[in-house]
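Encoded as structure tokens, the structure appears first; notes follow it.
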Amino acid sequence: MGIVFNSSNFPSERATKARVLVAGGAGFLGSHLCERLLREGRTVVCVDNFSTGRMENIRHLLRFDTFSYVRHDVIDPIDLPVDEIYNLACPASPPHYQADPIHTMKTNVIGSLNLLQLAARYQARIFQASTSEVYGDPHVHPQPESYWGNVNSFGPRSCYDEGKRCAETLFYDFHKQHGVDIRIVRIFNTYGPRMRPDDGRVVSNFITQALQGKDITIYGDGSQTRSFCYVDDLIDGFSRLMYNPRAIHTPVNIGNPGEFTVRELAEQIVEMTGSSSSVVYYPLPTDDPRQRRPDITLAERELGWAPKIALTEGLKSTITYFERQLVRPNGELAE
Ligand code: NAD
Ligand code: UDP
């Protein structure tokens, strides 16, 4: 069943301000985005099925009378008069998106379709959170937007990678066929406060393991690389792309070009937490990309965007966040 809103039951009276729907707004990135949009004076409706999102990510936003949330799955249609839509709805961590791969595919394809139809209905600008995973296990390094990628259509990561690729195609087609005003960001690995301790991605895993004195789980030999972007830099990139004076309707990479091996990341986190954890090695998951680094020439040139926060600085605030998350009422760390 779809959800229908109209002007009279839209959750804000300040209809003169831009009304923004943030799908996936209770998640890690979505909650930071909602916060920024509210601070800029927009009226925000967070639409989330709370599968990987959490109420605690958005509870502090309820004090804004311009903020509301709806528990809703984007695979069902939604009708809500809006000026802007951000589509971040989709689990991002491999264990989460692989837990129900059919639902992940539906979220990316049917969810995007529903939101694009909404954008077409209200002539709203729509933003898609795409991903560096569209480049798969890349043969071109670093990855520019012009690279078509090396993606397996038949494997455990395919529901996410191919789902996101299909969503990009839908965005392209709605722009060409219906003139919908689209923006697409290809996000490279991003970390920061509000990641779940049980998220399963590498930064949150290593920090929780280090803080709890558990073994640090490196998959493969740890020589694979990733480029880690701090959440504040990423959200700044979102904003610059969405509100850039010149509309850019093609995908734009946003990520930090600083490239690290997974082993280097583990060593850095162990050192910064002063942990006594040891490192253990597990098999590399199927189709795990060997290397990844964004070419951000386009974002630098067109948006004047470049990341400002170095890995050590971003890790410091992320570690502080996880320390608070893991602490029990008696002051001890949770196991
Ligand atoms: P997240 O899992 O914390 O957030 C995803 C949010 O979407 C959650 O609140 C979840 O409950 C919600 N959601 C999932 N399926 C939904 C559905 N069918 N209907 C409604 N809500 C749904 O992940 P994140 O890191 O915040 O990622 C946000 C977006 O950015 C995702 O689309 C992800 O693919 C993309 N992305 C993130 C990264 C990254 O490094 N964080 C990298 C590339 C792309
Ligand atoms: N990884 C790891 N240990 C973990 C979690 C992840 O070694 O506990 C590796 C994973 O195999 C991958 C990299 O870290 O090579 C980044 O994984 P993540 O799930 O964070 O993101 P993605 O693979 O989607 O880039």
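Every number in this text was worked out from the coordinates using simple rules, so none of it is lab data. This structure is a prediction, so every number in the text was calculated from the model and none was measured. Here Cβ is always computed from backbone atoms with ideal geometry, including for glycine, and neighbour counts include all displayed protein chains.
Across the chain, the volume of the C-alpha convex hull divided among the residues equals 132 Å³ per residue. Note on region 201-335: antiparallel DSSP beta bridges, both residues inside, total approximately 50 percent of the bridges counted. Peptides 170-178, 243-251, 114-122 ranked from most to least packed, by the mean per-residue count of other Cβ atoms within 10 Å: 114-122, 170-178, 243-251. Peptides 310-317, 197-204, ordered by how many other C-beta atoms sit within 10 Å of their residues on average, highest first, read 197-204, 310-317. When 1/r is averaged over all different Cα pairs and the result inverted, which Kirkwood radius in Å belongs to region 11-105? After inverting the mean inverse Cα-Cα distance, the result is 13.5 Å.
Put in line by how crowded their Cβ is, counting other Cβ atoms within 10 Å and starting with the fewest, PHE67, PHE28 read PHE67, PHE28.
Screening the chain for whole DSSP H helices of 18 Å or more along their axis (Cα) with average Kyte-Doolittle hydropathy at least -1.0 returns 311-326. GNM remark for the chain: springs join alpha carbons under 10 Å apart, and the peak mean-square fluctuation among SER275, SER158, SER112 falls on SER275. Which values of log₁₀ I(q)/I(0), to two decimal places, follow from the Debye formula for region 274-329 at q = 0.19, 0.24 Å⁻¹ with a uniform point scatterer at every Cα? The Cα Debye sum returns log10 ratios of -1.02, -1.03. Once Rg and the Kirkwood radius are both taken over the C-alpha atoms of region 205-256, their ratio Rg/Rh works out to 1.20.
The C-alpha radius of gyration of region 132-238, expressed as a fraction of 2.2 N^0.38 Å, stands at 1.28. When the P(r) of region 114-178 is calculated, the portion above 20 Å amounts to 36% of the C-alpha pairs.
Result for the chain in a Gaussian network model with C-alpha springs under 10 Å: among VAL82, VAL45, VAL140, the largest mean-square fluctuation is at VAL140. Given R0 = 30 Å, the distance between the Cβ atoms of ALA310 and SER223 translates into a calculated FRET efficiency of 0.85. Cα convex hull, region 245-303: 123 Å³ per residue, rounded to a whole number.
For region 74-183, what ratio Rg/Rh do Cα atoms give with a Kirkwood hydrodynamic radius? Expressed as Rg/Rh, it is 0.99.
Backbone amide hydrogens, once placed in the peptide plane, bring THR190 within less than 5 Å of CYS229, excluding anything fewer than 5 places away on its chain.
Ignoring lysines fewer than eight residues from LYS316 along the same chain, the ones with Cα atoms less than 24 angstrom from its Cα are LYS214, LYS308. Using R₀ = 25 Å, calculate the FRET efficiency as 1/(1 + (r/R₀)^6) where r is the Cβ-Cβ separation of HIS139 and GLU259; round to 0.05. In this case the efficiency is close to 0.95.
The orientation-averaged projection of the convex hull spanning the C-alpha atoms of region 224-324 amounts to 8.2 square nanometres.
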